[in-house]
Amino acid sequence: MLAFLFETAFGKSRRIFAESKNFLLSKNLHSKKPFYFYKRFWLAAIYILLLIWSTFYRHAQTEKPISDDKKIIFVQTIDGAKPDKIRFAYKETLPENQTGTLPVLLIHGSPGDAEAFDGLTKLLKNRRIIAVDLPGFGDSEKNIPDYSVLAHARYVLELLDQLKIEKAHLVGFSMGGGVVLELEKIAANRVASIALVSSIGVQEDELFGNYYLNHVVHAAQLAALYALQELTPHFGMFDGMLSYARNFYDTDQRPLRADLQKTDVPVLITHGSFDPLVPIEAAREHARLVPQSEFVELADNHFYVFMRPEKISQRLPDFWQRTENGTAKTRANADAERIAAAQKPFAPKIIEAKGATVFVFFLLFLILTFLGEDLAFLLAGIFAAEGWFGFTFAVIACLFGCFAAIFFVLLLGRFYRQRILQSSLFKWFISQTAIDNLSDRIKNNRVQAVFWNRNLLGFRVPTYFAAGMLRIDFWRCLFAFLAAAVGWAFGLIGFSFLAAKSLIAADLIDQQSFWALSIFIFGFYFLAKFVKKKVDRN
């Protein structure tokens, strides 16, 4: 009897335990996993730990010692919140047999430092040479409130005061040319001559030729480099890059045109015909604005000052000697024809994009194709017709953007289907019904989906996403969509290019009237879309 009761009680307890266990297991299966079960949590945690480690490592590093061949002075901070002194480093070369009576000041570009002139200094043996590290660069103070060329000019002026240099020949390379021009403006009596080497100058011939557009580019560059420096665990690898970006962001080149027009001292301009950073057209405009200037156009790039310094090592001493002898021309005794040419108003023109400008255009079309392929295609055709770049570049840049957009959206559909479909932002753009309809079409007729749905307004992104959701062969699907984009790109870019070219050739719209060309071509495009929609409905 006891055995029977024990067995009954034990069996009942075992059943209750099993049922409880099954219930708890079922609850666990349907409950959300703890956050530390997800790979994303551990990846984020590792990234944050590396970022913290990198930050502490960077701030724990001792400052590099000043180079033995450099000297230091301390100058007053420009536009500082409180009066303060900052370190200003420079190199000084004192020859044994000095023949020139005036010293020479060499001012580097951005990024750069005094080392940019090491090769040139070795070839200039008979003069006192001072090559500076502008504040923010080299061994000078890195953290300053203002990195503009005007602020740098004031720092250089204080350097001249402390070294008791009454007058000097100035050489400005690249961004340093802006410093030289600003220094001549604020202290003309301290400048004997100016040499502009691959120098910046007029705003109208650089990047997009417009201060505000250029400023947006420089702001984007500054933001990208700031994010790279502060939001990535790089352990000091990217430190120092902000000085370069701030230099361009803080500088306003618009006053440099007036500076050039008022320069009275002798000026030597040397520039490479194949300069990818500062177009040769800018140097030609500088030579026009300065009628007394000597202009030397070299078959070289932007960097000959330190890569091939022998190209100017003979021209500079000769120029300085003629300046001191009084035989170099000033504005007062410049040729009458050149003075008349300098007084003519600026005639703006489209300059074919090179180097940095090409890269900016490439990024622009990469972004635009994400926002809307037709927008990117039409704009690319207009820019190509104006002469910013060739038709081939327009097609390649847009197709690269198409490839990136298709690739990205296919991956989203493939790996984040449920999460994206449930998001309110996605539902606001694309309805579930549209996704279902597209999925059915892709299943039943892939060719039609690829070559027709992508050309319907608002259907491209859903088509890419639906294809990714269905897990169709990824690469086959990617290149099928890209093949469809190629035909549409050639057609739309070609239409925009030929239409704009025709309007310009017929003198109906000026070549540089971007907005007029855009209004006409986009108006025609939307009218065609509207007519097609009406026809399809009927």
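Computed from the coordinates by the stated procedures, all read-outs in this text should not be read as laboratory data. Being a predicted model, the structure only gives us computed values, none of them experimental. When we count neighbours, we look across all protein chains shown, and the Cβ atoms used for this are built from the backbone with ideal geometry, even at glycine.
Quick notes on this structure:
- Full-extension gain in nm, L508 to R40, via 0.36 nm per residue minus C-alpha separation: 162.7 nm
- The distance separating the Cα centre of segment 171-195 from that of segment 55-95 comes to 22 Å.
- In plain terms, the chain from R322 to A404 could stretch by 23.7 nm, reckoned as 0.36 nm per residue minus the Cα-Cα distance.
- For segment 298-393: rounded, prolate or oblate by the Cα gyration tensor [a/c cutoff 1.5]: oblate
- Calculated on the Cα set of segment 85-237, radius of gyration then Dmax: 16.9, 53 Å.
- Label-point gap, in nm, between F479 and L94 - each point 7 angstrom along Cα→Cβ: 7.1 nm
- Förster radius 22 Å - calculated FRET efficiency between K167 and R308 (Cβ-Cβ, nearest 0.05): 0.15
- Take the Cα of N301, go 7 Å toward its beta carbon, and the backbone nitrogen atoms of segment 194-233 under 19 Å from that spot belong to 197-200, 207.
- Pairs from K91/K311; K85/K262; K70/K329; K349/K532; K164/K311; K64/K354 whose Cα-Cα separation, in the structure shown, is over 29 Å: K85/K262; K70/K329; K349/K532; K164/K311; K64/K354
- Start at zero, step by 10 Å, and the Cα-Cα distances of segment 203-324 spread as 12, 30, 34, 19, 6, 0 percent across the bins.
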